[in-house]
């Protein structure tokens, strides 16, 4: 009987683990991958990076999940030599290791950038002892400033979750969703509708959000037209589709969040994640990486347009880790083509780049640690 019970327990554990990671497709790191070119080259605008303010009122943190320097240059090559990222003159590198491992996962990496502490892989907003640690988003909210999260994954996924939830494991999606009800976040947009509605505890968090004054909207076209109030945009049952199917969801969601948060006269904090650069890395799929990298860069363009008009806005772009061990073996900036190779289907421990634009940008140069990011933001925003 004990053997049977053990068998069912192990089976259940494996099913949960597989379901939690079903967005990942592991690729073959031994083979070359070819990107044949981007048919839709987009124009890049240049923005003045001189600002009179020494400190920002608004801070926008943009995280390209799995985005290393090779991913960025792959996108730059595909767009024939130019990205919105080219506007960032203040640059540096970020170390990403977790408390237990040279190679971090997105949960520990996200928690470091949200809460300023090193923690174990899979931890969401908690320290090594599984005690909650207040995030930069929560500290901003306590000051009655605006707050927002945008992601192309489920909004309950590791990176966005680390900014708003406190759970011992990243796979606790329903518990993470419930943590949204404990905050006064102004706007969040991403997938994960089922984690709010199809729950083991029978709660319908979409209804509870509505009772708290949120408009719960699933259609991105309706989200685009939302003008005033608190918004819970839940754009997919689980994760959003890759960019070819979800189209310009990230740009639209980012613009909507900016429209809403700019109504907060005392300032705001917004985190925007391009989640699926990472998934292309796991799959060793250079086309997937390039498509998602360019999608993320277009969202950076939306944010830069806002920052150029609102001179009190600091924009920070970085990554939680690199994924895939991507190398670019050959390319053509005129044709926008690439031949690439991967060393792994997992994350790597290399430093990732950081870019900053706006008042306070000079604080994000050189080599820093991922835990330094929220500490610097906190100081700049006088939290």
Does any residue of the stretch 243-251 turn out to be surrounded by fewer than 24 Cβ atoms within 10 Å (Cβ to Cβ) and out of contact with any helix residue (DSSP H, G or I) (no Cβ under 9 Å at 6 or more places or on another chain)? yes
Inter-residue pairs, beta-carbon under 7 Å, first on the phi > 0 side of the Ramachandran plot and surrounded by 24 or more Cβ atoms within 10 Å (Cβ to Cβ) and in the stretch 111-134, second at pLDDT 95 or above and assigned to a loop (DSSP other than H, G, I, E, B), 6+ apart: 125/133; 125/135; 125/165; 125/166
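Yes/no matrix, rows are residues, columns are (1) under 25 Å from residue 189 (Cα atoms); (2) touching a helix residue (DSSP H, G or I) at 6+ places or on another chain (Cβ under 8 Å):
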position: 310; (1), (2): yes, no
position: 325; (1), (2): no, no
position: 332; (1), (2): no, yes
position: 337; (1), (2): no, yes
position: 345; (1), (2): no, yes
position: 350; (1), (2): no, no
position: 376; (1), (2): no, yes
position: 382; (1), (2): no, no
Step by step: first the residues of the stretch 139-182, then only those that are out of contact with any strand residue (DSSP E or B) (no Cβ under 8 Å at 6 or more places or on another chain) and under 23 Å from residue 380 (Cβ atoms), then the one that is surrounded by the fewest Cβ atoms within 10 Å (Cβ to Cβ). Which residue is that? 144
For the stretch 300-327, how many residues are touching a strand residue (DSSP E or B) at 6+ places or on another chain (Cβ under 7 Å), surrounded by fewer than 23 Cβ atoms within 10 Å (Cβ to Cβ) and closer than 27 Å to residue 53 by Cβ? 3
Boolean, residue 200 is under 18 Å from residue 295 (Cα atoms) and without any contact (Cβ under 8 Å) to a residue 60 or more places away in the chain: no
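The rows are residues; the columns are (1) part of a loop (DSSP other than H, G, I, E, B); (2) closer than 21 Å to residue 324 by Cα; (3) in contact with a helix residue (DSSP H, G or I) (Cβ under 8 Å, 6 or more places away or on another chain).
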| residue | (1), (2), (3) |
| --- | --- |
| 108 | no, yes, no |
| 111 | no, no, yes |
| 119 | yes, no, yes |
| 122 | yes, yes, yes |
Being within 16 Å of the chain's Cα centre (by Cα), in contact (Cβ under 8 Å) with a residue 24 or more places away in the chain and closer than 24 Å to residue 197 by Cα: is that true of residue 256 here? no
Residue in the stretch 193-212 that is part of a loop (DSSP other than H, G, I, E, B) and surrounded by 24 or more Cβ atoms within 10 Å (Cβ to Cβ) present: no
Do we have any residue at all in the stretch 62-77 that's part of a loop (DSSP other than H, G, I, E, B) and more than 22 Å from residue 188 (Cβ to Cβ)? yes
Exactly one of (1) crowded, with 24+ Cβ neighbours inside 10 Å; (2) on the phi < 0 side of the Ramachandran plot is unmet by residue 378. Its number? (1)
Out of the helices (runs of 4 or more DSSP H) lying entirely within the stretch 218-315, which hold 2 or more residues that are closer than 17 Å to residue 64 by Cβ and at pLDDT 95 or above? 243-246, 249-261, 277-282, 286-309
Looking at this structure, is residue 100 modelled with pLDDT under 95 and over 15 Å from the mean Cα position of the chain (by Cα)? no
May I ask you to verify whether residue 152 is within 18 Å of residue 214 (Cβ to Cβ) and in contact with a helix residue (DSSP H, G or I) (Cβ under 6 Å, 6 or more places away or on another chain)? no
Select, from 337, 313, 287, 365, the only residue that is in contact (Cβ under 8 Å) with a residue 60 or more places away in the chain and within 21 Å of residue 112 (Cβ to Cβ). 365
Picked from the stretch 145-177 (must be assigned to a helix (DSSP H, G or I) and without any contact (Cβ under 8 Å) to a residue 60 or more places away in the chain), the residue farthest from residue 133 (Cα to Cα) is 174
Got a number for residues in the stretch 228-242 being free of Cβ contacts under 8 Å to residues at least 40 places away in the same chain and in contact with a helix residue (DSSP H, G or I) (Cβ under 7 Å, 6 or more places away or on another chain)? 0
Considering the stretch 328-355 alone, what residues qualify as being surrounded by fewer than 24 Cβ atoms within 10 Å (Cβ to Cβ) and within 20 Å of residue 88 (Cα to Cα)? 351, 353, 354, 355
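The values are calculated or read from the model by the stated rules, or taken from the named source; none is laboratory data. In this text the structure is predicted, and so the values were computed from the model without any measurement. All Cβ positions, even for glycine, are placed from backbone atoms using ideal geometry, and neighbour counts span all protein chains on display.
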